[in-house]
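Report on the structure given below.
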Amino acid sequence: MVKTRLEIITAERVVYSEDVDIVVAPGIEGELGVLPHHAPLMTMIQPGELRVRRDNVEESMFVSGGFLEVRGDKVVVLANVAERADEIDVARAEAAKHRAEERMAQPPAQIDHARAEAALRRSMMRLKVAEKSRKRRQRPV
Ligand code: ATP
């Protein structure tokens, strides 16, 4: 079966590099599905879940923005920050969510609302990715 090479790269490391069947990424204008032989494309991505199917196995990752490029048989994601589901520290994401919620409960003039909202979104997306992966592992085979 034809595959697409997916590389997710941050300034620090290569987070993911595999041949996959489909990539569903959080594009800035909504979810973006990329199958093999997709037309060349370049788009910004927003903080969210990036899903992959590889040989009938589904994987989820968290990406916190950056760019996605489709060229030839390759999809390259240059992400500000990216974590595979098993790398997500759930307690840390819960603490970040709690902090962001507390900030947003303050009077608007006293906080940078957009910043708190962005932090809240990152934490909620991390928790979603981690939870999905936990449920997948529990599923009977
Ligand atoms: P926090 O307030 O907990 O730092 P954040 O959303 O502000 O969260 P980022 O700026 O997105 O954090 O990421 C900073 C670095 O910390 C990145 O390297 C990222 O991979 C890592 N990181 C942040 N939160 C987590 C988490 N819950 N699990 C694993 N790594 C995380």
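The values are calculated or read from the model by the stated rules, or taken from the named source; none is laboratory data. Please read all numbers here as calculations on a predicted model, not as lab measurements. A quick note on method: Cβ atoms are made from the backbone with ideal geometry, for glycine too, and the neighbour counts reach across all protein chains shown. Calculation scope for accessible area: heavy atoms of the full protein, side chains included, ligands and nucleic acids excluded. Shrake-Rupley method; radii C 1.70, N 1.55, O 1.52, S 1.80 Å.
Structure notes:
- In the full protein context, the chain carries 62 Å² of accessible surface per residue, based on a 1.4 Å probe and ignoring ligands, DNA and RNA.
- A viscosity of 0.692 mPa s and a temperature of 37 °C, combined with the Kirkwood radius over C-alpha pairs in the Stokes-Einstein formula, give the chain a diffusion coefficient of 206 µm²/s.
- Net charge contributed by nearby residues that have their C-beta within less than 11 Å of Leu50 (K/R +1, D/E -1): -2
- Here is how the number arises for the chain: DSSP H runs of 4 or more residues each give -39500 (n - 2.57), the sum is divided by the residue count, and the result at 222 nm is -10000 deg cm²/dmol.
- Net +/- balance of residues flanking Ala130 in space, Cβ distance below 13 Å, scoring K and R +1, D and E -1: +3
- Note on Arg13: accessible area approximately 90 square angstrom, rounded to 10, probe 1.4 Å, nucleic acids and ligands left out.
- With every protein chain in place, the chain: carbon and sulfur % of accessible area (1.4 Å): 52 percent
- Rounded to the nearest 20 debye, the dipole size of the chain about its Cα centre is 320 debye, using +1 on the Cβ of Lys and Arg and -1 on the Cβ of Asp and Glu.
- Here the Karplus relation 6.51 cos²θ - 1.76 cosθ + 1.60, evaluated at θ = phi - 60°, turns the backbone of the range 25-36 into coupling constants of 10, x, x, 5, 9, x, 5, 10, x, 10, 9, x Hz, with x for every Gly and Pro.
- Among beta bridges that DSSP assigns inside the chain, antiparallel share in %, nearest 5: 90 percent
- Taking the three principal axes of the alpha carbon atoms in the range 4-85, the coordinate ranges are 26, 24, 21 Å, sorted in descending order.
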